[in-house]
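Worksheet for the structure shown next.
The values are calculated or read from the model by the stated rules, or taken from the named source; none is laboratory data. Bear in mind that the values here come from a model prediction, so they are computed numbers and not experimental data. Note: ideal-geometry Cβ built from the backbone for every residue, glycine included; neighbour counts use all protein chains shown.
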Amino acid sequence: MNRPDDLLNALKIQRKPLAEKKRRWPWIILVIIGIGVLFALTRSKPMVVETVAPRSAASSGPATVLDASGYVTARRIATVSSKVTGKVKEVYIEEGQRVSEGEILARLDPLDVEAQRQLSKAQLASSQSQLAEARAQLQLAESTLSRNRDLASQQLVSRQALDTAKADRDARAARLASLQKAVSVSQEQLSVANLSVDNTVIRAPFDGVIIAKAAQPGEMISPISAGGGSIRTGIGTLVDMDSLEVQVDVNEAYIGRVTPEMPIEAVLNAYPDWKIPGAVIAIIPTADRSKATVKVRVALDNKDPRIVPDMGVRVSFLEKRDADKPLTGMLIANTAVIEDAGKSYVFLLREDKAVRTEITVAERNDSDSRVTRGLAASDAVINNPDKALTDGVAVRLKDPTEK
């Protein structure tokens with residue numbers, strides 16, 4: 001059984017722990033106040049944003065479907081050489097010179113072929129003189145045969161004399177025919193000799209510009225490459241500047257975006273501010289498996305002396321547009337569009353607050369989206385919105401001097 005003192009102690013109130021609990025409440029209140037102040041300060045400081053302006057799709061140029069790089073090439077380029085092997089006598093070209101089709105570029109030493117031509121002329125003259133002699137002899141044989149026939153009808157000459165005259169006439173006629181063939185052969189030989197002489201004159205095969213001079217007077221030149229490199233294979237290199245085009249390597253994963261006659265815009269690396277319009281000529285039906293690319297031929301609308309072979313080019317493939325059906329809506333950068341649960345949104349800057357707005361995107365390319373609902377030309381759209389940005393948050397435009 002408990003003692004009375006123990007029972008009385010059990011009924012006493014513990015004052016000290018209660019005092020300690022009371023002393024904890026001020027600290028808890030201070031923490032709550034601090035969190036509230038911090039939250040208030042955080043909310044009062046606006047987020048820094050950048051904006052972009054929507055552009056009218058109807059007034060803007062064609063959208064870029066794909067960008068690729070390539071080089072300027074010439075469809076007509078030739079190393080001009082002679083048809084025969086010979087020593088260069090004269091060269092009339094220099095790098096950068098513009099020449100016309102048929103213009104003489106160089107001459108080879110014609111000494112050997114000229115001698116052959118003179119021999120062919122002499123052989124032709126000899127054949128022609130023999131032919132003239134044969135004609136005179138045939139005419140005499142014809143007269144003799146006619147006279148013997150008259151005498152034979154009067155039985156004044158023997159039958160043998162008549163046969164002899166006839167055989168002589170036939171022999172003379174056969175010799176005349178043979179000499180006529182010989183004259184024809186001599187004429188053909190002279191034509192070949194004239195052609196050989198003409199082959200020593202090297203002419204331009206088409207209009208163009210000389211981009212390389214490869215031979216000098218005194219050097220040997222041949223249409224066939226010789227071992228050791230002691231014989232040149234050409235006088236120079238000629239390029240038809242009107243045949244310049246661009247060849248672009250397009251990643252095979254995106255070749256489906258490119259179609260023949262598709263409009264393009266080309267920018268030369270040497271002239272980055274010069275935009276050259278053009279169109280796709282053809283898609284080469286083969287792929288380079290080492291680079292996973294497909295080659296595309298592109299024609300340039302401008303023929304300008306600043307465009308030269310092997311220049312680097314950046315080509316933008318543009319979408320085709322129907323002139324009778326202009327695009328509607330507004331264009332906005334893809335970086336300003338947010339995708340959420342299958343819908344598209346943007347944040348508009350209105351009265352220093354971010355307003356989340358649903359939009360309808362009709363189509364998009366690599367850089368822009370065409371919006372048909374939810375945007376106006378006067379809207380300021382927040383670009384690259386932060387993930388923490390929410391509807392109604394206070395924002396301010398970034399100062400250009402800020403980093």
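Some points to look at:
- Region 377-403: number of residues that are among the basic types (K, R) and either closer than 11 Å to V355 by Cα or surrounded by 10 or more Cβ atoms within 10 Å (Cβ to Cβ) (or both): 2
- The one condition from (1) modelled with pLDDT of 85 or more; (2) within 30 Å of G278 (Cβ to Cβ); (3) loosely packed, with under 15 Cβ neighbours inside 10 Å that P54 does not meet is (3).
- Among the candidates G329, G278, G234, the residue that is at pLDDT below 90, under 23 Å from N365 (Cα atoms) and surrounded by 16 or more Cβ atoms within 10 Å (Cβ to Cβ) is uniquely G329.
- Here V355, V395 are screened, and the one residue that is over 39 Å from the mean Cα position of the chain (by Cα) and free of Cβ contacts under 8 Å to residues at least 60 places away in the same chain is V355.
- Within region 377-392, being modelled with pLDDT of 85 or more and among the hydrophobic types (A, V, I, L, M, F, W, C) holds for A380, V381, I382.
- Checking E95, E90, E101 one by one, the residue that is exposed (fewer than 14 other Cβ atoms within 10 Å of the Cβ), over 24 Å from D240 (Cβ atoms) and out of contact with any helix residue (DSSP H, G or I) (no Cβ under 9 Å at 6 or more places or on another chain) is E90 and no other.
- Of the residues making up region 359-403, just one is polar (S, T, N, Q) and at positive phi, namely N384.
- The set of residues in region 382-400 being of a type in the set (A, V, I, L, M, F, W, C) and under 12 Å from V346 (Cβ atoms) consists of I382, L389.
- Looking only at region 149-205, and only at residues there that are over 60 Å from the mean Cα position of the chain (by Cα) and β-branched (V, I, T), the one that is surrounded by the fewest Cβ atoms within 10 Å (Cβ to Cβ): T164
- Any hit, region 305-325, residues being buried (at least 17 other Cβ atoms within 10 Å of the Cβ), among the hydroxyl-bearing types (S, T, Y) and farther than 30 Å from V248 by Cβ: no
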